[in-house]
Amino acid sequence: QNTVGTISVTNEAYDGFTLFSIHTKSYLIDNCGQVVHEWTSAFTPGNAVYLLPNGNLLRAGKRDGQSQINFGGTGGIIELFDWDGNLLWQYEYNTDQYRQHHDVYPMPNGNVLILAATVMSQSEAIQAGRDTSLLPDNEVYNERIFEVEPVGSNQVNVVWEWNAKDHLIQDFDNTKDNYGVVADHPEKLDFNFLNGGTGGANWLHVNSIQYDETLDQIVISSRNLSEVWIIDHSTTTAEAATGSGGIYGKGGDFLYRWGNPQSYDQGVEADRQLFGQHYPHYIENGLVDAGKMMIFNNGNGRMPLFSEVFIIDPPTSAPGVYSYTTNTAYGPAAPDYIYADMTNDPSDFYSGIVSGAQRLPNGNILICEGREGHFFEINASEEVVWDYINPVDNNSGITANQTQSASPSNIVFRALKYSKSYAAFSGKDVSPGQPIEGNPDLTPCNALSTDQHVLNTARVYPNPSDDVVTIETTQNIQKVEIYTLLGENVLTFKNSKQVDVSSLKHGIYLLKIFSDEVAVMKKIIVSPN
Ligand SMILES: O=[N+]([O-])c1ccc(OS(=O)(=O)O)cc1
């Protein structure tokens, strides 16, 4: 049994490359844990990393010593590398008055969305109605989300911004402009709701910003309030500071919020569903549950300690227009899907901080149990089909050898798996190198049948089709199951390389093709060819 790197892998694991940052490196690994590419920075993670379609790497780094703003997740510098590791651009946002932290997001137009804490002085906080007994640090952090166009090698042009401090409400000081009834304004942020906190400067601890291009909205995660917020990105900067304008008409006010309705006086502790969550994001078009939101619910601050992966379906009346009934909490009342592991008590699946979950093209879910440096992938039956332990210590960069246990500081902020057909890899050398860990043992991987490889290359044609579809492969086909994107098995064919889809409604389906011990998923579009 391996102690680090790939612990186990089956033929059902999605055959892609997993990206994560640890210490000063960002690695792309295959399912065997073999490094197919890596980048080196001068900085440890600060914290997110993304592979861009052109093969560049966007990475937030932690640069200490420049700012008095310090909390788990602080960064300060954003770097853009090309595939070959050349630093194309870097931008430091890191003084005593402001500091980038946790996430950044590569916008489809090449701009970069940046998350930063900026200081509100004690007098600004009091002017905004903060309860004066809840100001122990004599300052509080605003959260600024701003979009920059990279300029030159280290400059930016700010093209848009939103600030949490422009959307505050409070019922403490009736002499201030933003005084109001919190329960009547779910679109505003109650400046004195601290979710049990004492008002320390980092009262919000936003840890994720994810842009959805279809809706032109940004999904935000506040760990300390245990809430997901959605804001409009179609506004001008001026509109984003108000409650009107933008395609949804609400300016920079919240379009939607979920997880802890106590924050707007529409619930009690028992109504709370999120506990220090991470990486809420809309599932991409073309994937199972597209348009629903996946959330890693850490479970921090509740007993017993266990984490969950949620899929929720925010109620809407039109795309991106969220349904809300006055004097209630935003729906849904419960997630559509929950993954947890309650086999043992305490649960084997728990990470109080960092982490994330991602839907993969074959319907599996990749889970980053980040505090443990543990990545695992589950199939639709919640069987673990890939199991990996990061062998590198995040503080020292010291890498464990196989048979040694991983460092307790092998914490990983987030892991993302990319399809081998992702544009970033076209024309690039992604042949596998050595695993990260020393003295590697590829036994779990060698047990993988080569049949998988052959079946993976099966061609499904014609596609789209509303008639007979052929599966071209040299292997025997035992069975083909056809699923909707919601996971419903609508057709099954036995012992045939041809399947008739003419009875299906037009749309996207998944073919699960079984050969001997092996199965692969292929997507088909049922529509006239
Ligand atoms: O220890 N860290 O690296 C760390 C701790 C907390 C943290 O914040 S969180 O919201 O992402 O858990 C981020 C990083």
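The values are calculated or read from the model by the stated rules, or taken from the named source; none is laboratory data. The structure displayed is predicted, hence computed values, not measured ones. Cβ: placed from backbone, ideal geometry, glycine included. Neighbour counts: every protein chain shown. Calculation scope for accessible area: heavy atoms of the full protein, side chains included, ligands and nucleic acids excluded. Shrake-Rupley method; radii C 1.70, N 1.55, O 1.52, S 1.80 Å.
Scalar couplings 3J(HN,Hα) for the stretch 242-258, obtained by applying the Karplus form with A = 6.51, B = -1.76, C = 1.60 to θ = phi - 60°, are 10, x, 9, x, x, 5, 9, x, 10, x, x, 5, 5, 7, 6, 8, 7 Hz; x denotes Gly and Pro. If you take all other residues with their beta carbon under 9 Å from the beta carbon of ASN111, and give Lys and Arg +1 and Asp and Glu -1, the sum is -2. Magnitude of the charge dipole for the chain, about its Cα centre and with charges confined to Cβ atoms of Lys, Arg (+1) and Asp, Glu (-1), is about 580 debye. Local charge for PRO150 was computed over the other residues whose Cβ lies under 15 Å away, with Lys and Arg +1 and Asp and Glu -1, and equals -4. Each residue of the stretch 46-59 is assigned a 3J(HN,Hα), and the resulting list reads x, 9, 6, 9, 9, 9, 8, x, 8, x, 6, 10, 9, 9 Hz, derived from the Karplus form 6.51 cos²θ - 1.76 cosθ + 1.60 (θ = phi - 60°), x at Gly and Pro. Amide H contacts of ILE247: SER234, THR235, each under 5 Å away and 5 or more positions distant or on a separate chain (H built 1.01 Å from N in the peptide plane; Pro and chain starts excluded).
Applying D = kT/(6 pi eta Rh) to the stretch 123-280, where Rh is the Kirkwood radius over alpha-carbon pairs, T corresponds to 4 °C and eta to 1.567 mPa s, the Stokes-Einstein value obtained is 80 µm²/s. Here the translational diffusion coefficient of the chain follows from Stokes-Einstein with Rh set to the Kirkwood radius across Cα pairs; for 20 °C and 1.002 mPa s it amounts to 88 µm²/s. Nonpolar atom fraction for the chain, defined as the carbon and sulfur part of the 1.4 Å probe accessible area, stands at 48 percent. Pair-distance distribution of the stretch 436-529: all C-alpha pairs, bin width 10 Å, starting at 0; shares per bin in whole percent are 16, 44, 23, 10, 6, 1.
Local charge for SER244 was computed over the other residues whose Cβ lies under 9 Å away, with Lys and Arg +1 and Asp and Glu -1, and equals -1. Heavy atoms of the protein chains alone define the surface here; on that basis the chain has 39 Å² accessible area per residue at 1.4 Å probe size.
Cysteine residues of the chain whose Cβ has no partner cysteine Cβ closer than 4.7 Å: CYS368.
Number of Lys-Lys pairs in the stretch 351-509 with C-alpha atoms under 22 Å apart and a separation of 8 or more places or on different chains: 7.
Here each label is just a point 7 Å from Cα along the line to Cβ, and for VAL321 and ALA42 those points are 5.1 nm apart. The mean sequence separation of alpha-carbon pairs under 8 Å and at least six residues apart, normalised by the residue count of the chain, gives a relative contact order of 14 percent. Bridges between two residues of the chain, per DSSP, are antiparallel at a rate of about 95%.
Note on GLU472 and GLN127: their simple-model spin labels are 6.9 nm apart, each label 7 Å out from Cα toward Cβ.
DSSP loop (so not H, G, I, E, B), at most 15 other Cβ within 10 Å: list which trypsin sites (Lys or Arg not before Pro) in the stretch 445-527 pass both filters. Please report the intermediate quantities before stating the final value.
Values: sites: ARG459, LYS479, LYS494, LYS497, LYS505, LYS512, LYS522, LYS523; in loops: LYS497, LYS505.
In loop regions of the stretch 445-527 (DSSP not H, G, I, E or B), the sparsely surrounded trypsin sites (Lys or Arg not before Pro) are LYS505.
Rounded, prolate or oblate, given the Cα gyration tensor of the stretch 270-415, with a/c below 1.5 counting as rounded? In terms of gyration-tensor shape, prolate.
Spin-label model, TYR337 to GLU383: label points 7 Å out along the Cα-to-beta-carbon direction sit 1.7 nm apart. Size estimate for the stretch 245-325 follows the Kirkwood approach: the inverse of mean 1/r over distinct Cα pairs works out to 14.4 Å.
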